[in-house]
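> Below you will find the structure I want to go over with you.
The values are calculated or read from the model by the stated rules, or taken from the named source; none is laboratory data. Predicted model, so just to flag it, every value in this text is computed and none were measured. Glycine gets a Cβ as well: all are built from the backbone with ideal geometry, and neighbour counts include every protein chain shown.
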Amino acid sequence: MGSLVTRFAPSPTGQLHKGHAFSALSAFCFACETNGRFLVRIEDIDPTRSTRENADCILEDLAWLGLRWEQPVRYQSEHLSDYTAAAGQLSELGLLYPCFCTRSDILREIEQAGQAPHGSEGPLYPGTCRRLSEDERIARLATGSPHALRLDLEKAVALIGAELHWQDTFHGPQIARPELLGDAVIARKDIGTSYHLAVVVDDGLQGVTDIVRGEDLFDATHLHRVLQALLGLPAPTYHHHPLLTDSQGHRLAKRDRALTLRSMREAGLTAKELRTEFNLPEFFFVEA
Ligand code: GLU
């Protein structure tokens, strides 16, 4: 059996907080306990929200936490052609359609319909552009209208032709229910890819066998399983851990500046104290 590969894949749209530290430490310890490999990947596909400063600060925080990871770190912004190629594969299968809708078009359409099916991320895309005729589509593309590419989920499910499953150590065996996300955006208008596509492609390319991440991404996995099946990638095992909350029971967010690792460090917290708070075995760690 090959060795287990885990990863921590932050988006450098802000600084790490305690919740990220818990996730990164859990993935790292899992790799150490199983004699596996631990990778760090910087998910910086969105140039308007990601910065190099945040990425550098994240790596510094991870080293401070006592983690070690394989080099080189993969920066998604340097591999956009991999995601374009994967979108091309889906497109060749006839599973993507251009979507010209703006956010407000979608909201208007949903309002007019009176009632829209809801998924885990709010109302589902009502399928406006999926219903365009071939001539309308060609005409709109010819005008150079900006467009995203969406997955035609019904077609994708029909092509796969079988139920998809995944194993989740925290939640047990799962059957994929991609209808919770509907016709998801696979390539955004502005960046030509999406979180969902890039994460699935990279986990496949990097041979990630075990994904340790927060429960907030649990529902995205329904779609990730579909993308894995369509792209011929293996299904990793998932470990969607509960999210840390503050004293009022609210999820920690990047905007809570007081809880960033940086500010806690500055206030005198040591990495060892944090690891002890999380109840992690000390012998895996090196002091930065
Ligand atoms: N980049 C994502 C985030 O920071 C996490 C991706 C993942 O673990 O699959 O929320």
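> Return a yes/no flag: does segment 208-223 have any residue that is under 10 Å from the mean Cα position of the chain (by Cα), within 16 Å of Leu151 (Cβ to Cβ), at pLDDT 95 or above and β-branched (Val, Ile, Thr).
Yes; the residues of segment 208-223 include at least one that is under 10 Å from the mean Cα position of the chain (by Cα), within 16 Å of Leu151 (Cβ to Cβ), at pLDDT 95 or above and β-branched (Val, Ile, Thr).
> Is it the case that Asp152 is at pLDDT below 95, surrounded by 14 or more Cβ atoms within 10 Å (Cβ to Cβ) and not hydroxyl-bearing (Ser, Thr, Tyr)?
Considered against the rule, which asks whether it is at pLDDT below 95, surrounded by 14 or more Cβ atoms within 10 Å (Cβ to Cβ) and not hydroxyl-bearing (Ser, Thr, Tyr), Asp152 comes out as no.
Condition check ((1) over 24 Å from the mean Cα position of the chain (by Cα); (2) loosely packed, with under 12 Cβ neighbours inside 10 Å) across all residues:
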position	(1), (2)
Thr48	no, yes
His79	no, no
Gln112	yes, yes
Arg137	yes, no
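> Of all residues in segment 11-20, how many are surrounded by fewer than 23 Cβ atoms within 10 Å (Cβ to Cβ) and within 13 Å of the ligand (Cβ to nearest atom)?
5
> May I pose another question? Return the residues of segment 94-110 that are surrounded by 14 or more Cβ atoms within 10 Å (Cβ to Cβ) and under 18 Å from Arg137 (Cα atoms); say none if nothing qualifies.
Matches in segment 94-110: Leu95, Leu96, Tyr97, Pro98, Cys99, Phe100, Cys101, Asp105, Ile106.
> Consider segment 194-224. How many of its residues are in contact with a strand residue (DSSP E or B) (Cβ under 6 Å, 6 or more places away or on another chain) and more than 13 Å from the ligand (Cβ to nearest atom)?
2
> For segment 21-45, which residues satisfy the criterion of being out of contact with any strand residue (DSSP E or B) (no Cβ under 8 Å at 6 or more places or on another chain) and crowded, with 19+ Cβ neighbours inside 10 Å?
Those that are out of contact with any strand residue (DSSP E or B) (no Cβ under 8 Å at 6 or more places or on another chain) and crowded, with 19+ Cβ neighbours inside 10 Å: Ala21, Leu25, Cys29, Glu43, Ile45.
> Working only within segment 164-186, note down all residues that are polar (S, T, N, Q) and buried (at least 16 other Cβ atoms within 10 Å of the Cβ).
Within segment 164-186, Gln174 is the sole residue that qualifies.
> Go through segment 1-38 and give me each residue that's over 19 Å from the mean Cα position of the chain (by Cα) and within 19 Å of Pro234 (Cβ to Cβ).
Met1, Gly2, Ser3, Leu4, Phe30, Ala31, Thr34, Gly36, Arg37 - these are the residues of segment 1-38 that are over 19 Å from the mean Cα position of the chain (by Cα) and within 19 Å of Pro234 (Cβ to Cβ).
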